[in-house]
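Structure record follows, encoded as structure tokens.
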Amino acid sequence: MTVTAEIPPTSGEANPAVTTKRVGMVALVLSIVAWILTLPPVMARTAVPSVVIGLIAALVGVVVLRDPKHRRLGAVTVFLGLVAIPLALAMTNQSAANVREVFTWSAVIASGLTFTTPLLFGALGGIISERSGVVNIALDGMMLMGCYFGIYGANITNSWVLGALIGMVSGGLLALVHAYFSIHLRANQVVSGYAINFLAYGLTGYLFVAHYGDNGTPGTLPEVPNVTLPGIDHVAFFGDAIGHTNVLTWVGLLLVPVIWWFLFRTRAGLRLRAVGEQPRAASTVGLKVMTTRYTAVVTSGVLAALGGVYLADGFDGSFNFQMTDGRGFIALAAVIFGKWNPVGALGATLLFGFSSSLAYRLQTFSPTLGTLFQALPYVLTLVAVAGLIGRSRPPAASGIPYVKE
């Protein structure tokens, strides 16, 4: 009997799979560089180098696509390499002054954090809910409740803190309705979420007209203040970027490590994840599946509503019909994009927030390019859902009603 063994490659031999991955990563970086060359501080005034680099990156991506193990990497490289070309052409067609004004990086960071904050609160809430096994499509409605009741509470109490608390309670109560239908009545969670959204749209619209009429909200409402960082507020670049950031932005950023630690380093977080993965097994060992899910969904509503409070009291300073503008759905997309992890969700919301910031700033000089950046979060969501940047696996019991035996 002959026994054969596979001889591992020696240190001098290259592993083809590793080599392909490294080549793909280099091409991925090149596709990004192709666009960056036309931005400050480099500010290339011709698109020829960017076009050449973008085409090279795309061609290398096509080669990487032939390797079954790295098709996702190849697809992303081809996509970014081809997208970098029109972006570079658009930048070089603008005057240098316009490009510098749009891409003042300190202002882009400050604006990006502003757009990120409501998405981050919604995404964190969505993660907690889905980790328990309940899909929360109603994030947008809960966020809208926070918008209205945050403004209304600040108006009647003359305090943004009390207004924020009232807004958070309103989001939690709406989430309780969603939890009752989804958990207790075992209704379809997606249908229930959409119904809750329409309920929030109608309820806040009616209350707004009933309380404020055609005059709208007062212009002297207490707003969520900005935090001035001593020693940084006057430092070049950093002062303009983060030196005067809203207090709720810092709260949202601090919640990311707190919720990560809770989910992955505490016994309560382990129980929450167990309920979302294997509720029947969790119940067998004595965990209260129903109670855990109710708590998670209500917490989700509170966090989403806090994002709405920021949107109304910290950003706009007023309330308008459906002012969330679908941000709850973008937050839900960030949950998927971030693979149900608070740190991943932070990265996704930052990406979405900065693309919104650039879209807003680009509208002044190039409405077409501004619209392109507005569509970027949706395109990236499709890329994530398609699995081109790695498979996103939701909790095993997410969306599945639990029937107690």
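Summary table below
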{"read-out": "Gyration tensor verdict on the stretch 81-135 (Cα atoms; rounded if a/c is under 1.5, prolate if a/b is larger than b/c, oblate otherwise)", "value": "oblate"}
{"read-out": "Ile137 long-range amide H proximity, modeled H, under 5 Å", "value": "Gly193"}
{"read-out": "All lysines inside 21 Å of Lys339 as judged from Cα atoms, apart from same-chain residues fewer than 8 positions distant", "value": "Lys69"}
{"read-out": "Protein accessible area in the stretch 207-334, 1.4 Å probe - carbon and sulfur %", "value": "60 percent"}
{"read-out": "Relative contact order of the stretch 140-278, defined on C-alpha pairs under 8 angstrom at six or more residues apart (%)", "value": "18 percent"}
{"read-out": "Charge dipole magnitude, Cβ of K and R +1, D and E -1 - the chain, Cα centre, debye nearest 20", "value": "1340 debye"}
{"read-out": "Amide H partners (placed H, <5 Å) of Lys288, local residues excluded", "value": "none"}
{"read-out": "Helix-only CD estimate at 222 nm, as mean residue ellipticity for the chain, using -39500 (n - 2.57) per DSSP H run (n ≥ 4)", "value": "-22500 deg cm²/dmol"}
{"read-out": "For the stretch 107-118, Karplus couplings with θ = phi - 60° (6.51, -1.76, 1.60), whole Hz, Gly/Pro x", "value": "5, 5, 5, 4, 5, x, 5, 5, 6, 6, 3, x"}
{"read-out": "Size of charge dipole - the stretch 288-375 - debye, nearest 20, with Cβ of Lys, Arg +1 and Asp, Glu -1, no other charges", "value": "360 debye"}
{"read-out": "Relative contact order (%) - the stretch 233-316, alpha-carbon pairs under 8 angstrom, separation at least six", "value": "18 percent"}
{"read-out": "Prolate/oblate/rounded call for the stretch 164-271, Cα gyration tensor, a/c under 1.5 rounded", "value": "oblate"}
{"read-out": "For the stretch 74-184: rounded, prolate or oblate by the Cα gyration tensor [a/c cutoff 1.5]", "value": "oblate"}
{"read-out": "HN-Hα J in Hz across the stretch 268-284 - Karplus 6.51, -1.76, 1.60, θ = phi - 60°, x for Gly and Pro", "value": "5, x, 4, 5, 4, 5, 5, 5, x, 9, 9, x, 5, 5, 4, 5, 4"}
{"read-out": "Heavy-atom surface of the chain, accessible at 1.4 Å and reported per residue (Å²)", "value": "48 Å²"}
{"read-out": "In sequence order, calculated HN-Hα J values of the stretch 190-206 (Karplus, 6.51, -1.76, 1.60; Hz; x Gly/Pro)", "value": "5, 5, 4, x, 5, 4, 5, 4, 5, 4, 5, 4, x, 5, 5, x, 5"}
{"read-out": "Mean Cβ count within 10 Å, highest first, over the residues of peptides 345-355, 228-238", "value": "345-355, 228-238"}
{"read-out": "Protection proxy ranking of 150-156, 115-121 - average other beta-carbon atoms within 10 Å, highest first", "value": "115-121, 150-156"}
{"read-out": "5 angstrom amide H check on Asn246, placed H, neighbours 5+ away", "value": "Val227"}
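The values are calculated or read from the model by the stated rules, or taken from the named source; none is laboratory data. Since this is a predicted model, take the numbers as computed values, not measurements. With ideal geometry, Cβ positions are generated from the backbone for all residues, glycine too; neighbour counts draw on all protein chains shown. Note: areas computed on protein heavy atoms with side chains; ligands, DNA, RNA excluded. Shrake-Rupley method; radii C 1.70, N 1.55, O 1.52, S 1.80 Å.
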